[in-house]
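Please read the structure below before turning to the comments.
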Amino acid sequence: MGITSAIGSALTGLTANAWATDVIASNIANAQTPGYGPRNLELAARTGGGVAVAGVQRGTDLALLNDRRAASAEVAGTGVLADFYTALETGLGQPGEAGALGTTLSDLGAALVQASAQPDSAAALSALLDSANAVAGKINALSTQIQTARGAADGAIGRQVTQLNTALGQVADLNAQIQSQVINGGQPSALIDQRQALLDQISEIVPIRQMERPNGTVALMTTGGALLLDGMTPATIGFTATNGTVTPDMTLASGALSGLTLNGVAVSSTSPLFTGGALAANLTLRDQAAPAAQSQLDALARDLAGRFDAPGVDPTLTPGMAGLFTDAGTPVSASNELGLAARFAVNPAVDPAKGGALWHLRAGIGAAAPNAPGDASILNAMGAALAAVQVPASGGLGTGAVDANGFAAQILSAAGNARLTAQNAASFATARSTTLTDAALKQGVDTDQQMAQLLVVQKSYAANAKVVQTADSLLQALLEI
């Protein structure tokens with residue numbers, strides 16, 4: 001090797017050392033930056049001698065990355081349902097707790113006992129009316145809570161779809177920029193970091209799989225098989241939020257609520273394309289979990305109304321007349337059970353504030369005049385009807401016979417079990433996500449390793465500089481001959 005070649009080779013080494021120093025400095029500076037992938041300098045043998053910088057590669061474990069994102073999606077999804085069931089269980093209340101559904105029903109039973117013992121007492125009858133109104137009001141409030149949750153889920157779906165479409169468009173733009181830099185010999189690592197941060201956001205909405213494509217671009221697919229992006233062509237997810245109140249009769253099947261579309265094609269509610277993640281969880285809440293809870297409340301309201309207008313309880317009732325509890329003032333009908341909990345109300349005939357009279361509680365809803373003040377036969381019959389065990393006609397909570405309090409306890413138990421299941425799933429998902437995140441962090445910037453590598457670069461720099469210095473001395477010696 002000639003002296004000139006030696007100098008050339010040493011200079012390429014110094015250039016590579018300078019690149020390596022920059023890469024190490026960048027790695028150390030971004031050790032705490034979320035989404036930052038450690039850079040590695042790629043070197044290659046240079047034609048004619050020396051070393052060439054082939055590029056700077058961003059370190060990524062794609063399999064670990066995909067698993068971590070899937071776990072992140074599961075955390076977001078299970079959290080949505082766990083929060084719903086926790087709020088529902090809290091709204092129902094625990095037995096004996098003031099304002100709980102079971103407590104209002106117990107208070108109604110106690111008020112019936114008191115009124116039966118003092119049928120001539122206006123105070124006892126007034127307390128009975130208050131207890132009945134408390135039961136109806138509690139059932140109304142729970143129905144409102146459930147429908148509010150459905151409305152919130154519908155709004156969340158709308159926002160998530162907008163965020164998803166925006167992020168996919170941004171990823172497509174970054175794909176184009178990254179491809180351009182790769183083709184032109186640039187280093188797109190910073191752009192890749194931006195893209196990875198966007199993909200992390202997307203993965204909480206829907207679980208995705210990232211697939212490498214030529215020139216640094218990526219394709220994205222949901223774990224359910226929906227292609228979201230390939231190169232620079234993002235998919236379009238469609239959804240129309242209600243932007244208003246959601247009522248029990250509003251369903252996906254009726255067309256009152258919107259479903260998802262993928263590139264203009266409707267996605268079935270049973271399709272696995274968008275399973276997992278916050279988007280699927282909000283759809284489940286809106287279309288399955290909350291309607292099931294509403295159905296149980298409607299069934300309880302129907303059961304209560306049926307107890308008080310059953311034959312033999314109030315002989316003054318004629319066909320077509322409502323008993324103590326009504327469907328917004330009209331008789332409760334099995335054919336109109338959907339949403340009954342929201343319309344459940346005490347018969348205005350027994351409420352002086354609505355033009356009725358308290359004595360109807362004692363004499364009967366259909367009585368034309370007050371009966372004997374000491375006659376408690378109807379009050380006794382109502383108390384017996386409330387305490388009677390019978391198989392609920394609807395609600396899907398079981399086939400066992402229960403009294404009114406037992407029915408309420410079944411609803412509370414169903415909510416508690418669903419909450420426990422959702423929380424267990426959320427806990428498992430969180431633990432898995434934490435483990436995978438820790439594993440990903442361990443593959444991040446190791447400052448100790450970077451500092452050790454810097455020492456190697458410094459020694460290499462000194463060695464190359466020594467070659468240049470020695471070659472210069474040789475040239476000076478030759479010139480002096």
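For region 120-135, the criterion of being farther than 30 Å from Asp230 by Cβ, crowded, with 22+ Cβ neighbours inside 10 Å and under 36 Å from the mean Cα position of the chain (by Cα) is satisfied by at least one residue.
Each row is one residue, and each column tells you yes or no for (1) of a type outside the set (Phe, Trp, Tyr); (2) farther than 30 Å from Gly339 by Cα; (3) out of contact with any Ser or Thr (no Cβ under 9 Å at 6 or more places or on another chain).
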position: Ile205; (1), (2), (3): yes, yes, yes
position: Met211; (1), (2), (3): yes, yes, yes
position: Val218; (1), (2), (3): yes, yes, yes
position: Thr236; (1), (2), (3): yes, yes, no
position: Thr251; (1), (2), (3): yes, no, yes
position: Gly255; (1), (2), (3): yes, no, yes
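Scan region 414-437 and tell me whether some residue there is over 26 Å from Pro319 (Cβ atoms) and either touching a strand residue (DSSP E or B) at 6+ places or on another chain (Cβ under 7 Å) or assigned to a loop (DSSP other than H, G, I, E, B) (or both). Spell out how you get there, then give the answer.
Step one: of region 414-437, the residues over 26 Å from Pro319 (Cβ atoms) are 414-437.
Going one step further and asking which of them are either touching a strand residue (DSSP E or B) at 6+ places or on another chain (Cβ under 7 Å) or assigned to a loop (DSSP other than H, G, I, E, B) (or both), we end up with none.
No.
Here region 421-472 is the region considered, the condition is being surrounded by 14 or more Cβ atoms within 10 Å (Cβ to Cβ) and charged (D, E, K, R), and the residue that is modelled with the highest pLDDT is Arg432.
Among the residues of region 275-294, write down those that are polar (S, T, N, Q) and over 18 Å from Ala87 (Cβ atoms). Even if it seems obvious, please write down each step before you answer.
First, pick out the residues of region 275-294 that are polar (S, T, N, Q): 275, 282, 284, 288, 294.
Thr275, the sole residue that qualifies.
For (1) modelled with pLDDT of 95 or more; (2) over 26 Å from Pro291 (Cβ atoms), each residue gets a yes or a no:
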{"site": "Gly59", "(1), (2)": "no, yes"}
{"site": "Leu105", "(1), (2)": "yes, no"}
{"site": "Ala115", "(1), (2)": "yes, yes"}
{"site": "Asp130", "(1), (2)": "yes, yes"}
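Among residues of region 126-152 that are assigned by TED's automatic domain parsing to the domain that holds Ala111 and farther than 21 Å from Thr242 by Cβ, those with a beta-carbon under 8 Å from a residue that is at pLDDT below 95 and surrounded by fewer than 17 Cβ atoms within 10 Å (Cβ to Cβ) at least six positions away or on a different chain give the pairs Lys138/Gly99. Name the single residue, out of those in region 160-172 being in contact (Cβ under 8 Å) with a residue 40 or more places away in the chain and out of contact with any helix residue (DSSP H, G or I) (no Cβ under 9 Å at 6 or more places or on another chain), that is farthest from Ala87 (Cα to Cα). Ranking the qualifying residues of region 160-172, first place goes to Ala172. Within region 364-379, one or more residues are in contact with a Lys or Arg (Cβ under 8 Å, 6 or more places away or on another chain) and either basic (Lys, Arg) or part of a helix (DSSP H, G or I) (or both). Going by the structure shown, is Asp287 touching a helix residue (DSSP H, G or I) at 6+ places or on another chain (Cβ under 7 Å) and assigned to a helix (DSSP H, G or I)? The answer is no for Asp287.
Residue by residue, here is whether (1) in the same structural domain as Gln163 (by TED's automatic domain parsing); (2) more than 30 Å from the chain's Cα centre (by Cα); (3) not charged (D, E, K, R) holds:
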site: Asn175; (1), (2), (3): yes, no, yes
site: Ile183; (1), (2), (3): yes, yes, yes
site: Ser189; (1), (2), (3): yes, yes, yes
site: Arg213; (1), (2), (3): yes, yes, no
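The values are calculated or read from the model by the stated rules, or taken from the named source; none is laboratory data. Being a predicted model, the structure only gives us computed values, none of them experimental. Positions of Cβ are generated from backbone atoms using ideal geometry, with glycine treated the same way; all protein chains shown enter the neighbour counts.
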